[in-house]
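A.B. asks: So that we are looking at the same thing, I have put the structure below in structure tokens.
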Amino acid sequence: MPSLDAENLCRQLAEQLRPHITPTTALVGIRTGGLWLAERLHAMLGISEPLGAIDVSFYRDDYGARGLHTKPQRTEIPFSVEGAHVIIVDDVLYTGRTTRAALNELFDFGRPACVELAVLIDRGGRELPVAARYCALTLPEPLPATQNLQLERDEDGSLNLRMIDA
Amino acid sequence: MLNPQLNKNGELQHLLTLDGLPRDIITAILDTAAPFTEVAEREVKKLPLLRGKSIFNLFFENSTRTRTTFEIAAKRLSADVVNLNVSTSSTSKGESLLDTVDNLCAMQADMFVVRHAASGAPFLIARHLRANGRNDIHVVNAGDGRHAHPTQGLLDMYTIRHYKQDFTKLTVAIVGDVLHSRVARSQICALTTLGVPEVRVIGPKTLLPTEIEKMGVRVFHDMNEGLRGVDVVMMLRLQNERMNGALLPTPQEFYKVWGLTAEKLANAKSDAIVMHPGPMNRGVEIDSAVADGAQAVILPQVTFGIAVRMAVMSMLAGQ
């Protein structure tokens, strides 16, 4: 297992993104882990468009089976999506279902010119045709479904990746 | 006793009354409603949550605002909404309430939003569904007789929390025709459950139920005294259509003593908010200057009502 130093991975991700940032690039973080990461990237890359936040609770495909279990929060897109260059930011890329939900929600705000995906870590196990253009670390072997990998934020604001049994 | 609104896991199965509804469920509904308010500001005011669900609005009693806001809420959740105009439906041909329900179940209904002049009608439907093993169908009470109007109570709580944040520091006055008001009953239950330390009811003796004190409220028969120092003034509509006999002299007399004017409102805290469930009788229970004034939050109540109903329907349908 490679080192899961979230702070280090975050810096690597920022450097991957840097050459592709234009004055019209906008970041949208997926709550909660992706938003923490997006806040960091937004500051590190000096992005001028205000940061967006998406909560995909109302667009999940397992609502029929699981209902509204996690407490939904606000989706806030403070820039015009119409014609924008949007980078969706998430912490961990797994099945691709969260990304699908975020794309659907984003398109209810307008028609972006292009959308890309940036993630801290790709843990494998995709169930949808989704790929991240920017990714700081791809695990060599997919994590088993019994393992849960998630980003956490300490009181001092530092980011950590934590592996727990699902 | 088993709470008929909750399933065996303690989750909301139906929303029938706020009486006995646990505080954490009320809080969860208010929390869930908050992100729904943002949908109204979007280009596409629609979420895919209830796609393919059929919601039947069963209104056996007139209503414009409540039926419309339920309809908008359901449509913003992408549900298919069917409004039954009961005055021209089978009921007038003699069909019983439960036969109507069974027929709509045979049309694959997922949810009933029920308003009925008889207290307890939504309970009857919920019990009938349970007896038939139809735990996949949900009932929302949109007002039954003098009994309860839970989504109105919830949207009022949402409004109070929006403007005043902490319930545990508030003094709230409910003013007017409490006797005929299902809204007042739902408000009192919710305010008490959420920990409001002082709930007052203000009105003439003929329009307050006997032993209302047992609901945990302080009773006032004087407007100026009752409004002194309150944070929230919740006006009620004078329900002329429900009155039998001489409970009060004339609407003009009522206005003189119980109508909310700027002078009477001056007894409340300077930042007190004024609420009204609508429809308003201007010049009867409330003066136009107050209804349109800076302290009134009556139209925000309507807007919040859509988000609260979206929250209730999406919590129910997702069980």
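A.B. asks: Roughly what % of DSSP beta bridges within chain A run antiparallel, to the nearest 5?
C.D. replies: Working: 8 of 28 bridges.
Just about 30 percent of them are antiparallel.
A.B. asks: Continuing with the same structure: For the protein assembly as shown, restrict the atom set to alpha-carbon positions and state the Rg and Dmax in Å.
C.D. replies: That works out to 25.9, 83 Å for Rg and Dmax.
A.B. asks: While we're looking at this one, here's another question. At 1.4 Å probe size, with the rest of the protein present, what percent of the exposed accessible area of the stretch B:244-319 is carbon and sulfur atoms?
C.D. replies: About 58 percent, which is the carbon plus sulfur part of the accessible surface.
A.B. asks: Let me ask another. Extent of the stretch A:1-144 along each principal axis, from alpha carbon coordinates, in Å, largest to smallest?
C.D. replies: 41, 37, 26
A.B. asks: Where the centre of each part is set by its Cα atoms, how far does the stretch B:168-230 sit from the stretch A:89-141, in angstrom?
C.D. replies: 52
A.B. asks: Please report the equivalent ellipsoid semi-axes of the stretch B:167-319, computed as sqrt(5 x eigenvalue) of the Cα gyration tensor, largest first, in whole Å.
C.D. replies: Over the Cα atoms of the stretch B:167-319, the ellipsoid semi-axes are 24, 18, 17 Å.
A.B. asks: What is the set of long-range amide H partners of A:C135 at a cut-off below 5 Å, with H atoms built 1.01 Å from backbone N?
C.D. replies: Close amide H contacts, sequence-distant or interchain: A:V119.
A.B. asks: May I pose another question? Normalized C-alpha radius of gyration of the stretch B:109-172, against 2.2 N^0.38 Å? Could the numbers behind the result be given before it?
C.D. replies: On the way: Rg = 15.4 Å, N = 64, 2.2 N^0.38 = 10.7 Å.
Output field value: 1.44.
A.B. asks: One quarter of the convex hull surface, Cα atoms only: what value does that give for the stretch B:23-84 in nm²?
C.D. replies: That works out to 5.2 nm².
A.B. asks: Oh, and also: Over all residues in A:63-72, what is the mean tally of Cβ atoms on other chains that come within 10 Å of each residue's Cβ?
C.D. replies: 5
A.B. asks: Another one. Averaged per residue, what accessible surface does the stretch A:84-166 expose to a 1.4 Å probe, in Å²?
C.D. replies: Values: 3970 Å² over 83 residues.
Value for the stretch A:84-166: 48 Å² per residue.
A.B. asks: Further, regarding this structure: Give me the extension gain from B:K214 to B:N7: residue separation times 0.36 nm, minus the current Cα-Cα distance, reported in nm with one decimal.
C.D. replies: Separation in residues times 0.36 nm, less the Cα-Cα distance, equals 71.6 nm.
A.B. asks: May I have the convex hull volume per residue, in Å³, for the Cα set of the stretch A:25-68?
C.D. replies: 66
A.B. asks: Read phi for every residue in the stretch A:83-91 and hand back ³J(HN,Hα) as whole Hz from Karplus 6.51 cos²θ - 1.76 cosθ + 1.60, θ = phi - 60°, with x for Gly and Pro.
C.D. replies: Whole-Hz 3J(HN,Hα) from phi for the stretch A:83-91: x, 7, 9, 10, 10, 7, 10, 9, 6.
A.B. asks: If R0 is 41 Å, what FRET efficiency do you get for B:K269 and B:R23 from their C-beta distance, rounded to 0.05?
C.D. replies: 0.95
A.B. asks: Enumerate the whole-percent occupancy of each 10 Å bin, from 0 to the last occupied one, for all C-alpha pair distances of chain B.
C.D. replies: 6, 27, 34, 23, 9, 1
A.B. asks: Now, a different point. Using θ = phi - 60° and the Karplus form 6.51 cos²θ - 1.76 cosθ + 1.60, what ³J(HN,Hα) does each residue of the stretch B:166-171 get, whole Hz, x for Gly and Pro?
C.D. replies: Residue by residue, the stretch B:166-171 yields 8, 5, 7, 10, 9, 10 Hz.
A.B. asks: Something else now. For peptide A:134-143, what's the mean number of Cβ atoms from other chains within 10 Å of each residue's Cβ?
C.D. replies: Per residue, the number of nearby Cβ atoms from other chains is 0 on average.
A.B. asks: Another question, then. Return the percentage of antiparallel bridges among DSSP beta bridges fully within the protein assembly as shown, rounded to the nearest 5 %.
C.D. replies: 15
A.B. asks: Each label point is 7 Å from the Cα along the Cα-to-Cβ direction; what then is the distance between the points at B:K93 and B:V302, in nm?
C.D. replies: 3.6
A.B. asks: May I pose another question? Within the stretch B:3-125, what whole-number % of the accessible surface is contributed by carbon and sulfur, with the 1.4 Å probe and all protein chains included in the calculation?
C.D. replies: Exposed carbon and sulfur together represent 48 percent of the surface.
A.B. asks: For B:K75, put the label point 7 Å out on the Cα→Cβ axis and report which residues of the stretch B:289-312 keep their amide N under 18 Å from it.
C.D. replies: B:302-311
A.B. asks: Let me ask something additional. Nearest 5 is fine: what % of DSSP beta bridges in chain B come out antiparallel, could you say?
C.D. replies: 5
A.B. asks: Once every DSSP H run of n ≥ 4 in chain B is given -39500 (n - 2.57) and the sum is divided by its residues, what mean residue ellipticity at 222 nm do you get, rounded to the nearest 500 deg cm²/dmol?
C.D. replies: -11000 deg cm²/dmol
A.B. asks: Sticking with this one: Can you compute the modelled spin-label distance between B:R127 and A:T95, with each label point 7 Å from Cα toward Cβ, in nm?
C.D. replies: For the pair B:R127/A:T95, the computed spacing is 4.1 nm.
A.B. asks: Per DSSP H run of n ≥ 4, the term is -39500 (n - 2.57); total these for chain A, divide by its residue number, and report the mean residue ellipticity at 222 nm rounded to 500 deg cm²/dmol.
C.D. replies: -7000 deg cm²/dmol
A.B. asks: Sticking with this one: Report, in listed order, any pair from B:K164/B:K214; B:K75/B:K164; B:K169/B:K269; B:K164/B:K256; B:K8/B:K53; A:K71/B:K46 with a Cα-Cα distance greater than 21 Å.
C.D. replies: Numbers: B:K164/B:K214 26 Å; B:K75/B:K164 30 Å; B:K169/B:K269 13 Å; B:K164/B:K256 30 Å; B:K8/B:K53 23 Å; A:K71/B:K46 19 Å.
Flagged as over cut-off: B:K164/B:K214; B:K75/B:K164; B:K164/B:K256; B:K8/B:K53.
A.B. asks: Moving on to the next point. How big is the B-A contact in terms of buried accessible area, both chains counted, 1.4 Å probe, rounded to the nearest 100 Å²?
C.D. replies: By this definition, chains B and A bury close to 1500 Å².
A.B. asks: Limiting things to C-alpha atoms, what are the Rg and the maximum Cα-Cα separation (Dmax) for the stretch A:1-75, in angstroms?
C.D. replies: Considering the stretch A:1-75 through its Cα atoms, Rg and Dmax are 15.1, 42 Å.
A.B. asks: Right, next: Please enumerate, by chain and number, the aspartates and glutamates with C-alpha under 13 Å from the C-alpha of B:K45, excluding those fewer than 8 residues away in the same chain.
C.D. replies: Straight-line reach from B:K45, under 13 Å: A:E105, A:D108.
A.B. asks: Select from the stretch B:33-62 all residues whose loss of accessible area on going from the chain by itself to the full protein assembly reaches 50 Å² or more (probe 1.4 Å).
C.D. replies: B:P35, B:E38, B:R42, B:L49
A.B. asks: Once you place label points 7 Å from the Cα toward the Cβ at B:D222 and A:R162, how far apart are they in nm?
C.D. replies: Taking the simple label geometry, B:D222 and A:R162 are separated by 5.9 nm.
A.B. asks: Gain in length, A:E155 to A:S3, computed as 0.36 nm per residue apart minus the alpha-carbon separation, to one decimal in nm?
C.D. replies: Here the segment from A:E155 to A:S3 would lengthen by 52.5 nm.
A.B. asks: Hey, got the Cα dimensions of the stretch B:61-204 along the principal axes, in Å, largest first?
C.D. replies: Cα spread of the stretch B:61-204 along its principal axes, largest to smallest: 49, 36, 30 Å.
A.B. asks: Kindly write out, for the stretch A:97-102 in residue order, the coupling ³J(HN,Hα) from the Karplus curve 6.51 cos²θ - 1.76 cosθ + 1.60 (θ = phi - 60°), rounded to whole Hz, with x marking Gly and Pro.
C.D. replies: 6, 5, 5, 4, 5, 5
A.B. asks: If you don't mind, there's one more thing I want to ask. With every protein chain kept in the model, how would you rank B:D156, A:D154, B:D110 by accessible area, 1.4 Å probe, largest at the top?
C.D. replies: So, going from the largest accessible area down, we get A:D154, B:D110, B:D156.
A.B. asks: Rounded to the nearest percent, how much of the accessible area of the stretch A:64-107 (1.4 Å probe, protein heavy atoms only) is carbon and sulfur?
C.D. replies: The nonpolar share, carbon plus sulfur, comes to 49 percent.
The values are calculated or read from the model by the stated rules, or taken from the named source; none is laboratory data. Model, not experiment: these values are computed from the prediction. A quick note on method: Cβ atoms are made from the backbone with ideal geometry, for glycine too, and the neighbour counts reach across all protein chains shown. Keep in mind that these areas ignore ligands, DNA and RNA; they rest on the heavy atoms of the full protein, side chains included. Shrake-Rupley method; radii C 1.70, N 1.55, O 1.52, S 1.80 Å.
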